[in-house]
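Here the structure comes first, spelled out in structure tokens, and everything after it is commentary.
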Amino acid sequence: MPTNTPATLPPTTPGYRALLRNREFAGICTGFTLTVAASTLSGLALGTLVQHRTGSPFLTALSMYGATFATVLGALTLMSLADGARPRRTMVALQCAAAAGAALQAAPGLPLAARFGLLLVLGLLQSLGTGTRMGLLADTVPDSAYAPARSLMNITSGVTAILGFAAGALLVQSLEPQGLFLLAAALTGLGAVVTAATVRERPIRPARRPGLRTTWTTNTALLADPARRVLLVNLWIPNGLVVGCEALFITWTPDHAGTLLAAGSAGMLLGDLVVGRLLTAGQRRRHAFALRLLLAVPFLLFAAEPPVPVAAAAVFVAGSGFAATLPLQERLLALTPAQVRGQVQGVESAGRLAWQGIGAALAGALAQYVTPGAAMAGLAAVSVLLTVTTRPAVARTGIAPAATVEAG
């Protein structure tokens, strides 16, 4: 498969500064950061509004995170839009539509049913936007720079979410939720402007008509191929099970859950920095299995009900294991034809988010029958078992060619 290597980047793996000197990548990363900030503020605003109106913890949680479930709808229906003939135009249009949706949420007196309907629409737009953005990213940087680019975007996303929640918590005290919605709309619109101003159009993919049939045809071929299927399984399920462990922090220790969540976030940022920036592609491949184990093994300690400092250290180490997604994403990219890269990466992202929700639901259900520590250890054990049993198949993806994905 030919490698897209823009003249603005060297063929060797660049550092973060070299990536940011690439005007197009800087634009994609900036637009993504603004989108994350907008999603954080709008989620906090909607959660605050729903809590005030209903007092329901379930509806409040659903209002803040329910949009992630709509990503599955995008993956199953219109994800082929991510590989349309004009991805830049598609990206800008999706961002403008998302900005309009956030602005509509600011309408006073809007019924909650309409707000949740908008939430699903915005989640669908987010799903399609992610696929289109990742397709543009793969076209913008050479394959050797893909993992560092994803690493940098993961880091900026994590930092932006943390700062966004902190800033939003302060702003919500001085602004009505409607004010946060309008700020989110402005940030999303600014992201559209940045994308339009920095990213050039790429009508390089073979012409194909986006739609439901095209999406299903490509998804069927994607999941029918054993190499890509085992990569998706390892990108989705272990990650989701560990997120399920994290969902039990409040139940396990209500007074120190914030400490554990902060430890996990810090470990995740460090892992993305080390694996994405300091390791070479060959080192990432060699350490991929160890990283996948690192994601879950520390949570086995929770079966022994460790003291909080030990638990925080274990969660920090496990958080760094989330960087295991980088070498798996590199392999998936290498096995994906250029004409469907956006859709495949959109499906990967949507499935990962969906499994995080499934993992949280499984953890909550299991904790109804056993202690939270035992539930976390049980989910971690399943994650380890899956990682170990699929190791040979994952290793073969680096040497065995995959079947062609149908373009529809």
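The values are calculated or read from the model by the stated rules, or taken from the named source; none is laboratory data. Please read these numbers as outputs of a predicted model, since none were measured by experiment. Cβ placement follows ideal geometry from the backbone for every residue including glycine, while neighbour counts extend to all protein chains displayed.
The single residue among Ala367, Ala393, Ala380 that is farther than 21 Å from Ala70 by Cβ, modelled with pLDDT of 85 or more, aliphatic (A, V, I, L, M) and crowded, with 22+ Cβ neighbours inside 10 Å turns out to be Ala380.
Yes or no: region 100-110 includes at least one residue that is more than 26 Å from Ile162 (Cβ to Cβ), at pLDDT 85 or above and assigned to a helix (DSSP H, G or I). Within region 100-110, one or more residues are more than 26 Å from Ile162 (Cβ to Cβ), at pLDDT 85 or above and assigned to a helix (DSSP H, G or I). A single entry from Gly346, Gly342 fulfils the requirement of being in contact with an Asp or Glu (Cβ under 7 Å, 6 or more places away or on another chain) and within 22 Å of Thr217 (Cα to Cα): Gly342. Here Ala361 fulfils each of the conditions (1) crowded, with 18+ Cβ neighbours inside 10 Å; (2) modelled with pLDDT under 95; (3) not basic (Lys, Arg) apart from (1). Do the conditions hold for Leu301, that is, is it more than 26 Å from Pro254 (Cβ to Cβ) and part of a helix (DSSP H, G or I)? For Leu301, the condition - more than 26 Å from Pro254 (Cβ to Cβ) and part of a helix (DSSP H, G or I) - is not met.
Scanning region 264-296 for residues that are in contact (Cβ under 8 Å) with a residue 40 or more places away in the chain and not in a helix (DSSP H, G or I) yields a single hit, Thr280.
I'm trying to understand the selection: among the residues of region 40-66, which are within 16 Å of Val121 (Cβ to Cβ) and modelled with pLDDT of 70 or more? Answer for region 40-66, where residues must be within 16 Å of Val121 (Cβ to Cβ) and modelled with pLDDT of 70 or more: Ser42, Gly43, Leu46, Ser63.
The criterion of being over 20 Å from Leu362 (Cβ atoms), surrounded by 21 or more Cβ atoms within 10 Å (Cβ to Cβ) and not basic (Lys, Arg) does not hold for Gly244. If you go through region 311-322 one residue at a time, do you hit one that is part of a helix (DSSP H, G or I), in contact with a helix residue (DSSP H, G or I) (Cβ under 9 Å, 6 or more places away or on another chain) and within 30 Å of Met91 (Cα to Cα)? Looking for residues that are part of a helix (DSSP H, G or I), in contact with a helix residue (DSSP H, G or I) (Cβ under 9 Å, 6 or more places away or on another chain) and within 30 Å of Met91 (Cα to Cα), one finds at least one in region 311-322, hence yes. Within region 120-174, the residues that satisfy the criterion of being among the hydroxyl-bearing types (Ser, Thr, Tyr) and within 24 Å of Ser265 (Cβ to Cβ) are Ser127, Thr130, Tyr146, Ser151, Thr156, Ser157, Thr160. For Ile250, the requirement of being surrounded by fewer than 19 Cβ atoms within 10 Å (Cβ to Cβ), at pLDDT below 80 and under 22 Å from Ala312 (Cβ atoms) is met.
With Ala97, Ala37, Ala85 as the choices, which residue is modelled with pLDDT of 85 or more, surrounded by fewer than 21 Cβ atoms within 10 Å (Cβ to Cβ) and not aromatic (Phe, Trp, Tyr)? Answer to the selection: Ala97. So Gly240 ticks every box in (1) of a type outside the set (Phe, Trp, Tyr); (2) in the same structural domain as Ser127 (by TED's automatic domain parsing); (3) within 19 Å of the chain's Cα centre (by Cα) but one. Which box is left unticked? Gly240 satisfies all of (1) of a type outside the set (Phe, Trp, Tyr); (2) in the same structural domain as Ser127 (by TED's automatic domain parsing); (3) within 19 Å of the chain's Cα centre (by Cα) except (2).
Taken over region 102-118, residues that are without any contact (Cβ under 8 Å) to a residue 40 or more places away in the chain and either under 14 Å from Gly189 (Cβ atoms) or of a type in the set (Ser, Thr, Tyr) (or both) amount to 1.
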